[in-house]
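Report on the structure given below.
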Amino acid sequence: MVNVNNLSIKFNDTQILEDINFSVQNGEIVTLLGQSGCGKTTILRTIAGLQREHDGNICIGEVCVSSKEVYKQDREVGYIFQDYALFPHLDVEENISFALDKLSRKDRNKRVDELLEQFDIIPHRKKQIHQLSGGQQQRVAIARAMANKPKILLLDEPFANLDSQLRYKTKMWLKNLIKKYNLSAILVTHDKKEALSISDKIGIIHDKKLLQFDTTKAIYTKPINYYVANFLAEINILPIEIIKDFDIALSEEQIAIIEISKCKISNESSLFEVEIIDKSFCGEYYEVLIKIKSDKENKLIMIKSSLEQINLENKFYLNIKKEDIQIILK
Ligand SMILES: Nc1ncnc2c1ncn2[C@@H]1O[C@H](COP(=O)(O)OP(=O)(O)OP(=O)(O)O)[C@@H](O)[C@H]1O
């Protein structure tokens with residue numbers, strides 16, 4: 001289990017992270033999501049003991065490891081770097097055994113053999129790193145990170161260098177590995193689909209703060225504000241015209257949103273006759289920008305539609321359900 005308590009970090013007087021709090025249970029996968037440069041990697045580095053200057057505390061299991069007191073080699077953390085950080089001058093076997101320098105030669109060889117077998121890389125044991133595919137390099141990096149049987153696995157953009165087929169397989173494989181060994185895993189990505197599909201919990205970082213930290217389902221269905229909602233889902237902000245007609249009351253701080261997938265157009269009459277402003281062919285569907293004809297704000301609404309069932313010569317309408325509308329903070 002990992003607890004991050006009141007973590008704040010400055011680089012050269014610039015505040016990067018402020019008062020970050022979250023915890024990861026054993027067997028749990030937590031993903032930190034946020035735009036490039038928001039501080040995700042810095043959090044992983046701090047937990048691993050690589051970023052030593054910080055305020056606040058990191059606890060691993062029962063032990064609170066202020067970075068200066070418990071060094072990285074004693075933290076029981078396996079870190080898989082974004083570029084894998086394998087040693088190019090060492091072969092696969094040597095890369096893995098590098099992490100096991102505290103063991104006797106006999107025990108080290110035994111553990112390397114176990115890892116090569118477990119991660120299905122026996123045929124590659126004598127290969128140099130440049131002779132491996134991206135997927136094989138990643139397995140070597142994970143084998144090295146797992147060599148000392150860590151309690152915590154930190155993964156920085158683990159799928160970034162893999163093609164889409166391999167991404168899917170690796171995601172399932174990694175999820176099973178984390179659950180099998182009951183690890184606390186923290187994953188960093190800026191890919192929201194990846195985060196939703198692999199995580200038990202998600203944290204959204206923005207403007208130095210952890211805006212929301214919750215189970216995947218809760219954060220998706222009950223985002224605390226527009227930033228979180230827009231980060232995780234494809235949404236429309238509804239124009240006042242619609243809000244009034246649905247008899248929804250909004251305060252100054254609130255907006256009404258709806259997922260793009262819940263917005264349809266058809267020739268079936270509704271209160272909202274629409275016109276098409278633009279459409280783009282995207283293969284399986286068109287992205288269609290529409291506007292409610294009577295909307296004086298001229299707010300554009302995005303929908304995805306095959307446009308097949310619609311006769312665009314006739315009047316057509318926006319069909320949405322009141323129960324699909326969410327009221328959130330701006
Ligand atoms: N050692 C350092 N010294 C000074 N600034 C740093 C240092 N490490 C990181 N930063 C800065 O801190 C900010 C956060 O960096 P970090 O790598 O944690 O972001 P990130 O969210 O992981 O980004 P990305 O998604 O692009 O990898 C960036 O502005 C970066 O330039």
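The values are calculated or read from the model by the stated rules, or taken from the named source; none is laboratory data. Remember, predicted model here, so these are calculated numbers, not experimental data. Reconstructed Cβ throughout: ideal geometry from the backbone, glycine too, with neighbour counts over all protein chains shown.
Mind checking which helices (runs of 4 or more DSSP H) fall wholly inside segment 111-230 and carry at least 1 residues that are within 16 Å of the ligand (Cβ to nearest atom) and not β-branched (Val, Ile, Thr)? Steps first, answer last, please.
Numbers: elements: 134-146, 164-180, 192-198, 216-221.
Where helices (runs of 4 or more DSSP H) fall fully within segment 111-230 and carry at least 1 residues being within 16 Å of the ligand (Cβ to nearest atom) and not β-branched (Val, Ile, Thr), they are 192-198.
Please go through segment 234-251 and give me each residue that is without any contact (Cβ under 8 Å) to a residue 40 or more places away in the chain and under 30 Å from LEU17 (Cβ atoms), ordered by number.
Within segment 234-251, ILE235 is the sole residue that qualifies.
How do the pairs read when you match residues in segment 149-160 that are outside the structural domain of ALA85 (by TED's automatic domain parsing) with residues anywhere that are of a type in the set (A, V, I, L, M, F, W, C) and more than 12 Å from the ligand (Cβ to nearest atom), using Cβ under 9 Å and keeping only pairs 6 or more apart or on different chains?
Between residues of segment 149-160 that are outside the structural domain of ALA85 (by TED's automatic domain parsing) and residues that are of a type in the set (A, V, I, L, M, F, W, C) and more than 12 Å from the ligand (Cβ to nearest atom), there is no close pair.
Buried (at least 18 other Cβ atoms within 10 Å of the Cβ) and either among the acidic types (Asp, Glu) or closer than 29 Å to CYS38 by Cβ (or both) - does that describe any residue in segment 117-134?
Scanning segment 117-134 turns up no residue that is buried (at least 18 other Cβ atoms within 10 Å of the Cβ) and either among the acidic types (Asp, Glu) or closer than 29 Å to CYS38 by Cβ (or both).
This table checks each residue for (1) within 13 Å of the ligand (Cβ to nearest atom); (2) surrounded by 18 or more Cβ atoms within 10 Å (Cβ to Cβ).
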{"residue": "ASN6", "(1), (2)": "no, no"}
{"residue": "ASN12", "(1), (2)": "yes, no"}
{"residue": "ASN21", "(1), (2)": "no, no"}
{"residue": "THR46", "(1), (2)": "yes, yes"}
{"residue": "VAL65", "(1), (2)": "no, yes"}
{"residue": "GLY78", "(1), (2)": "no, yes"}
{"residue": "PRO88", "(1), (2)": "no, no"}
{"residue": "ASP101", "(1), (2)": "no, no"}
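Just checking, which of GLU275, GLU284 is part of a strand (DSSP E or B) and without any contact (Cβ under 8 Å) to a residue 60 or more places away in the chain? Walk me through it before giving the result.
Working: GLU284 fails: part of a strand (DSSP E or B).
Unique residue meeting the criteria: GLU275.
Six or more apart or on different chains, Cβ atoms under 8 Å: show the pairs whose first residue is in segment 21-44 and without any contact (Cβ under 8 Å) to a residue 40 or more places away in the chain and whose second is more than 8 Å from the ligand (Cβ to nearest atom) and part of a loop (DSSP other than H, G, I, E, B).
Final answer for the pair search is SER23/MET1.
Quick check, is ARG125 of a type in the set (D, E, K, R) and under 21 Å from the mean Cα position of the chain (by Cα)?
Numbers: of a type in the set (D, E, K, R): yes; under 21 Å from the mean Cα position of the chain (by Cα): no.
No; evaluated as a whole, the condition is false for this residue.
Please find, among ILE224, ILE204, ILE219, the residue that is touching a helix residue (DSSP H, G or I) at 6+ places or on another chain (Cβ under 6 Å), in the same structural domain as PHE119 (by TED's automatic domain parsing), over 23 Å from GLY78 (Cβ atoms) and of a type in the set (Val, Ile, Thr). Spell out the reasoning first.
Working: ILE224 fails: touching a helix residue (DSSP H, G or I) at 6+ places or on another chain (Cβ under 6 Å); ILE219 fails: touching a helix residue (DSSP H, G or I) at 6+ places or on another chain (Cβ under 6 Å).
From the options ILE224, ILE204, ILE219, the qualifying one is ILE204.
To keep it simple, each residue is scored yes or no on (1) within 22 Å of LYS179 (Cα to Cα); (2) within 16 Å of the ligand (Cβ to nearest atom); (3) in contact with a Lys or Arg (Cβ under 8 Å, 6 or more places away or on another chain).
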| site | (1), (2), (3) |
| --- | --- |
| ILE9 | no, yes, no |
| GLN35 | no, yes, no |
| LEU50 | no, yes, yes |
| GLY61 | yes, no, yes |
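As an exercise: evaluate ASP55 against (1) touching a residue at least 40 places away in the same chain (Cβ under 8 Å); (2) more than 16 Å from the ligand (Cβ to nearest atom); (3) surrounded by fewer than 20 Cβ atoms within 10 Å (Cβ to Cβ); (4) among the charged types (D, E, K, R) and give the number of the one condition it does not meet.
For ASP55, the failing item is (2).
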